[in-house]
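Below is one structure, written out as C-alpha cells; comments come after it.
The values are calculated or read from the model by the stated rules, or taken from the named source; none is laboratory data. Since we're looking at a predicted model, the values are computed, not measured. Neighbour counts run over all protein chains shown; Cβ positions are idealised from the backbone, glycine included. Only protein heavy atoms, including side chains, enter the accessible area calculation; ligands, DNA and RNA are left aside. Shrake-Rupley method; radii C 1.70, N 1.55, O 1.52, S 1.80 Å.
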Amino acid sequence: MKEKLESLKLKNQISFPIYLCSKEIIRKYTPFLDELDLTYTQYIVMMYFWEQKQSNVKDLGDVMLLDSSTLTPLLKKLEKKGYLKRVRSTVDERNLSITLTKEGERLKEKAVDIPEKIKKCINISDEEIKKLYALIYKILINIEKED
C-alpha cells in the first residue's frame, strides 16, 4: 500500500513537469504573441497554415488534437483578423476549406524571430531540443495507440 501511495506524489508524476514546462514556455511566448495580437493556440494554427497554405477542419484537428468545436471559434477569429479565409464546400456543406490569406502570409514575416527568442529563454542545445521533441512525440504516439 505504501508503494501505491508513493505513486501519488508529484515528484513521481511524469505529467507534472511536462505540464509545468508547457505552461511556462507558453507564458514566455505571451509578450511576443501579444505584439501580433495572437494567442498561443492561434499562433500554432497559423504555423500550420504557413506550412500547409490550405487545409480543412478535420485535417487541422488531427494535427492539433483539437475537435471542431474548439477550432471553429478560433478559425472565425483568425478569419476576422484577415489571416485565413473559410469557404464551405458546394458539394458537402459539412466540409470547410481554410486558406491562408496574403495578410496571413505577411504575419509570418512578423513572427519569424519568435522561435529563436523562445530558444534563448529555455536555454538548451539544439541536440537536447531534438531529443526532447522525439521523446514527447513518442509519448503522444503511444497514447494514441491506446485510444
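Quick notes
- For ILE44: the one exception among (1) open to solvent by 60 Å² or more (accessible area, probe 1.4 Å); (2) within 15 Å of the chain's Cα centre (by Cα): (1)
- Scanning the range 82-118 for residues that are acidic (Asp, Glu), more than 19 Å from the chain's Cα centre (by Cα) and closer than 17 Å to TRP50 by Cα gives a single hit, GLU103.
- Hey, THR39 surrounded by 10 or more Cβ atoms within 10 Å (Cβ to Cβ), closer than 30 Å to ASN123 by Cα and hydroxyl-bearing (Ser, Thr, Tyr) or not: yes
Residue-wise test of (1) surrounded by 13 or more Cβ atoms within 10 Å (Cβ to Cβ); (2) not basic (Lys, Arg).
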position: GLN52; (1), (2): yes, yes
position: GLY61; (1), (2): yes, yes
position: MET64; (1), (2): yes, yes
position: PRO73; (1), (2): no, yes
position: ARG86; (1), (2): yes, no
position: LEU96; (1), (2): yes, yes
position: GLU103; (1), (2): no, yes
position: ASP113; (1), (2): no, yes
position: LYS117; (1), (2): no, no
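So that you can scan it fast, the table gives a plain yes or no per residue for (1) closer than 27 Å to ILE18 by Cα; (2) not basic (Lys, Arg):
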residue: THR41; (1), (2): yes, yes
residue: LYS53; (1), (2): no, no
residue: VAL63; (1), (2): yes, yes
residue: SER68; (1), (2): yes, yes
residue: LYS77; (1), (2): no, no
residue: VAL91; (1), (2): no, yes
residue: LYS119; (1), (2): yes, no
